[in-house]
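The values are calculated or read from the model by the stated rules, or taken from the named source; none is laboratory data. Predicted model only: the values in this text are computed from it and were never measured. Don't worry about glycine lacking a Cβ; one is built from the backbone with ideal geometry, like all the others, and counts go over all protein chains shown.
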Ligand SMILES: [Zn+2]
């Protein structure tokens, strides 16, 4: 484990996993620490989180098809 903070690139790369709660505890802490200090990544995080939340709400208990999630992520990352 390094004490260096994540760069924006490192944070963005982990955002999806962070939103899916698939990161390790240490990675989660680093992502959160970066989000607290970086408006750019925070904005991106809020945007992605809102989109995913909305999608989950619409689909309620129905699992989101992987293809739909992949397509959504593709669209999100092409905006960057
Ligand atoms: Zn950043």
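Points worth noting:
Yes/no matrix, rows are residues, columns are (1) under 24 Å from residue 7 (Cβ atoms); (2) modelled with pLDDT under 90; (3) surrounded by 10 or more Cβ atoms within 10 Å (Cβ to Cβ); (4) in contact with a helix residue (DSSP H, G or I) (Cβ under 8 Å, 6 or more places away or on another chain):
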position	(1), (2), (3), (4)
20	yes, yes, yes, no
27	yes, no, yes, yes
33	yes, no, yes, no
45	yes, no, yes, yes
58	no, yes, no, no
64	no, yes, yes, yes
67	no, yes, no, no
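- Residues being more than 16 Å from the ligand (Cβ to nearest atom) and part of a helix (DSSP H, G or I) - total across the stretch 29-75: 20
- First in the stretch 6-28 and touching a residue at least 40 places away in the same chain (Cβ under 8 Å), second anywhere and within 16 Å of the ligand (Cβ to nearest atom) and outside any helix (DSSP H, G or I), Cβ under 8 Å, 6 or more apart: 12/80
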